[in-house]
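Take a look at the structure set out below.
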Amino acid sequence: MDCDIIGDIHGHCDKLDALLGVMGYRRTAGTWWHPERTAIFVGDCAARAVMGNQELNAIAWHTRDPRQPDE
């Protein structure tokens with residue numbers, strides 16, 4: 001799935017609505033939706049990552065168990 005990354009809108013909702021419309025998103029039941037893309041919003045030059053099971057397993061594998069420090 002393709003993504004559109006949109007920076008901080010600083011409260012300019014009207015401009016965001018216009019942008020999403022130009023990008024092919026449509027408002028359906030109060031939610032913006034695109035059949036082939038996902039919008040990801042970032043603010044103030046920071047991004048949030050959504051951790052999936054692969055990342056969780058990698059972190060768990062490399063994190064020592066405080067009850068069993070040798071494992």
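The values are calculated or read from the model by the stated rules, or taken from the named source; none is laboratory data. None of these values were measured; they are calculated from a predicted model. Heads up, the Cβs are rebuilt from the backbone with ideal geometry, glycines too, and the neighbour counts pull from every protein chain shown. Areas reflect the complete protein model, heavy atoms only, side chains present, ligands, DNA and RNA absent. Shrake-Rupley method; radii C 1.70, N 1.55, O 1.52, S 1.80 Å.
Lys/Arg Cβ at +1, Asp/Glu Cβ at -1, dipole of the chain taken about the Cα centre: which of 50, 1, 28 is farthest positive-ward? Value: 28.
In debye, nearest 20: dipole of region 18-67 around its Cα centre with unit charges on the Cβ of K, R (+) and D, E (-)? Approximately 120 debye in magnitude.
Taking the longest Cα principal axis of the chain as reference, the axis of helix 13-22 is set at about 80 degrees. Excluding ligands, DNA and RNA, the accessible surface per residue across region 9-63 is 86 Å² with a 1.4 Å probe.
Where both bridge residues fall in the chain, DSSP classifies roughly 50% of the beta bridges as antiparallel. Converting phi to 3J(HN,Hα) with the Karplus coefficients 6.51, -1.76 and 1.60 and the offset θ = phi - 60°, region 64-69 yields 6, 7, x, 7, 9, x Hz in sequence order, with x at every glycine or proline. Of the solvent-accessible surface of the chain, computed with a 1.4 Å probe and all protein chains present, 57% belongs to carbon and sulfur.
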